[in-house]
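In what follows, a single structure is set out as structure tokens and then discussed.
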Amino acid sequence: MSRSAHPAGPRHADVLPEGHYSAPPADLNDLDAKVWARTVARNADGVVTVGGVDVKTLAEEHGTPAYILDEADFRDRARAWRGAFGDDADVFYAGKAFLSRAVVRWLAEEGLNLDVCSGGELATALSAGMPADRIAFHGNNKSHQEIERAVRAGVGRIVLDSFQEIVRVAHIAQSLNKRQKVQIRITVGVEAHTHEFIATAHEDQKFGIPLAGGQAAEAVRRVLQLDGLELVGIHSHIGSQIFDMSGFEVAAHRVVGLLKDIRDEHGVELPEIDLGGGLGIAYTSDDDPREPHEIAKALTEIVDRECHAAKLRTPRISVEPGRAIVGPTAFTLYEVGTVKPLDGLRTYVSVDGGMSDNIRTALYDAEYSVALVSRASDAEPMLARVVGKHCESGDIVVKDAFLPGDLAPGDLIAVPATGAYCRSMASNYNHVLRPPVIAVRDGASRVIVRRETEEDLLRLDVG
Ligand code: LLP
């Protein structure tokens, strides 16, 4: 279809239907630095480049859809977190956001530790050479095999999530003649202001042991009695995609309160406190995330103040950012397949991926931005909905966004801030093949996770 062959569709603010969008930006060719990876720019021909490579070349070499990851930006952000917290604290990158062996190596080189929450993540970490003592093992239902593997490998800590797990880990450690360092994950009863499915510190949910009713204190009593376990700290993770620091403040206050009770009851001052991850990033221009140094300062001050008031030595703080490190560093590159204007509504732009490479819009009503990246355009903005190729009408990647009105099949568009929880939550729905992850740096691109093939699919299907 030629660029002018389809009707214009809805364009102007006065005819727009209701939705989650602000007015179109003054210039659709502008790339808001808040949502794009740091080396992203538009070149003199109007084509977007990242790490010095243009997206047309990336699409030719690697195909679409593809997650394009800015390695320099990833390393910068990892380093910024590390530097902000300094040597008296630890930064554990949350592997669930996105994990691959290349990423593990970058983290190891940049001095970060790693949080894993399954045997698969542990295997990836170990196979890429992350020292086991820099790994924390999480999860509300770790299997016997997973625990045994983690203990054998010598992981730096296992984060205990239930009374039954306390006994399980102690038993396994003892049977291996080891004393395993552990933290206890507690729920502090904070309502984090985020989507219900990614809030984790209220009591009515599956993670952690409630502080309420003395349950966390009871868990501490039991752990302290078991020879196979060495209790090193208390863990709290309040949720994800959080901008408001007040939730952390309340959480720190309550965790320190527990540390004080432990000191009073058992005469032990636990050396560590982990405040989890959950710091928000910008998905659209409306989001205003904080910088790592501001977060580090705020968290350190809160813990210092609370400990001072409780007459406790300040424990070593750790945090577990996932999204805030990898999220902004990648975008998903798609090719436009069909463009369908619906009069008085919006224009549906179908791309060659969809909910199989980004489930977050369908699952959390997440908002994303999008831009035409293979060329610049001066056409009028049109209200668009970017949808995938799956057999389901909820297959939406970007619910409401403005794209140039001359968008046509074959154009490349990109959705920024897809580095976290997109590849890691990708599926094979409709037997669509999961996209590759391409790392770009200093004018060169390389595949760090290859595209899935039909052979991969059929290999699992043993007939
Ligand atoms: N630590 C613990 C114990 C966690 O459970 C999580 C995330 C993190 C750290 C990292 O949180 P982050 O800094 O990445 O927000 N799939 C959802 C997010 C689920 C997060 C689960 N736990 C999403 O796509 O928004």
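Annotation note: Cβ proximity below 8 Å between a residue of the stretch 429-450 that is without any contact (Cβ under 8 Å) to a residue 24 or more places away in the chain and a residue that is crowded, with 16+ Cβ neighbours inside 10 Å and in a loop (DSSP other than H, G, I, E, B) (sequence gap 6+ or interchain) occurs for 450/436. Criterion applied to 312, 259, 299, 275 was being in contact with a Gly (Cβ under 9 Å, 6 or more places away or on another chain) and open to solvent by less than 70 Å² (accessible area, probe 1.4 Å), and the one residue passing it is 259. Kindly check whether there is at least one residue in the stretch 416-427 that is outside any loop (DSSP other than H, G, I, E, B), touching a strand residue (DSSP E or B) at 6+ places or on another chain (Cβ under 8 Å) and open to solvent by less than 50 Å² (accessible area, probe 1.4 Å). Within the stretch 416-427, one or more residues are outside any loop (DSSP other than H, G, I, E, B), touching a strand residue (DSSP E or B) at 6+ places or on another chain (Cβ under 8 Å) and open to solvent by less than 50 Å² (accessible area, probe 1.4 Å). Highlighted here are the strands (runs of 3 or more DSSP E) found entirely within the stretch 284-372 that include at least 2 residues which are within 16 Å of the chain's Cα centre (by Cα) and within 16 Å of the ligand (Cβ to nearest atom): 330-341. Residue count for the stretch 212-236, restricted to those that are crowded, with 21+ Cβ neighbours inside 10 Å and either among the polar types (S, T, N, Q) or at pLDDT below 95 (or both): 1. Annotation note: Cβ proximity below 6 Å between a residue of the stretch 182-206 that is closer than 21 Å to residue 270 by Cα and a residue that is at pLDDT below 65 (sequence gap 6+ or interchain) occurs for 187/201; 188/201. The residue that is nearest to the chain's Cα centre (by Cα), counting only those in the stretch 106-134 that are more than 13 Å from the ligand (Cβ to nearest atom) and either acidic (Asp, Glu) or part of a strand (DSSP E or B) (or both), is 110. Among the residues making up the stretch 232-249, those that are touching a residue at least 40 places away in the same chain (Cβ under 8 Å) and more than 10 Å from the ligand (Cβ to nearest atom) are 232, 233, 234, 243, 244, 245, 247, 248, 249. Among the residues making up the stretch 226-245, those that are touching a His at 6+ places or on another chain (Cβ under 9 Å) and not in a loop (DSSP other than H, G, I, E, B) are 235, 239, 242.
The values are calculated or read from the model by the stated rules, or taken from the named source; none is laboratory data. Quantities reported herein were computed from a predicted structural model and do not represent experimental measurements. Positions of Cβ are backbone-derived with ideal geometry, glycine not excepted, and every protein chain shown enters the neighbour counts. Surface areas here come from the heavy atoms of the whole protein model, side chains and all, with no ligands, DNA or RNA. Shrake-Rupley method; radii C 1.70, N 1.55, O 1.52, S 1.80 Å.
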